[in-house]
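Presented below is the structure to which this report refers.
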Amino acid sequence: MNTATSSATGPATAFAPVNHYLTVLQKYADFKGRARRSEYWYFVLVNTIVSMALSFTVSLISPTVAAVVNGLYTLAILVPAVAVCVRRMHDVEKPWWYALIPVYNFILAISEGTKGANGYGADPKASSVSSTLEPVA
């Protein structure tokens, strides 16, 4: 029995949030395709935790240095964050600019993606589910 099967988003382990975060960083400037809800929200969760931990840790040295380091981290993570947001909008079959609409973008981000292929690519949920299902020998 294989417990560490791999999927489109990385190995299926207890560290799924970190795997999704790293997947988003690997797709640094990929604005094409689709992102599942889990990929988007785990990225948001880990990004928030990293940002808060970084701010807290560096603020023990100096609040001014913490502000600079947090600003640099925010700049470094800006492009991947926008890219995953755009891919999330694509998953619900909306163009990128729907991410600019304040409340509606949140509703779209929590909505289930379009089942099957849409104009932005194949269903990421279907491809990851099919790759994790392996016949038992």
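Every number in this text was worked out from the coordinates using simple rules, so none of it is lab data. The structure displayed is predicted, hence computed values, not measured ones. Positions of Cβ are generated from backbone atoms using ideal geometry, with glycine treated the same way; all protein chains shown enter the neighbour counts.
Residue by residue, the range 18-29 carries 3J(HN,Hα) couplings of 5, 4, 5, 4, 5, 4, 5, 5, 5, 8, 2, 10 Hz when phi is fed to the Karplus relation 6.51 cos²θ - 1.76 cosθ + 1.60 (θ = phi - 60°); x denotes Gly or Pro.
In plain terms, the chain from residue 48 to residue 93 could stretch by 13.6 nm, reckoned as 0.36 nm per residue minus the Cα-Cα distance. Take every pair of alpha-carbon atoms less than 8 Å apart whose residues are at least six positions apart; their mean separation over the length of the range 13-113 yields a relative contact order of 33 percent. Most tightly packed first, judged by the mean number of other beta-carbon atoms within 10 Å of their residues, the peptides 31-38, 58-65 read 31-38, 58-65. Extension gain for residue 28-residue 82 works out to 18.5 nm (0.36 nm per residue, less the C-alpha to C-alpha distance).
Put a dot 7 Å past the Cα of residue 101, heading toward its Cβ, do the same for residue 59, and the two dots end up 3.6 nm apart.
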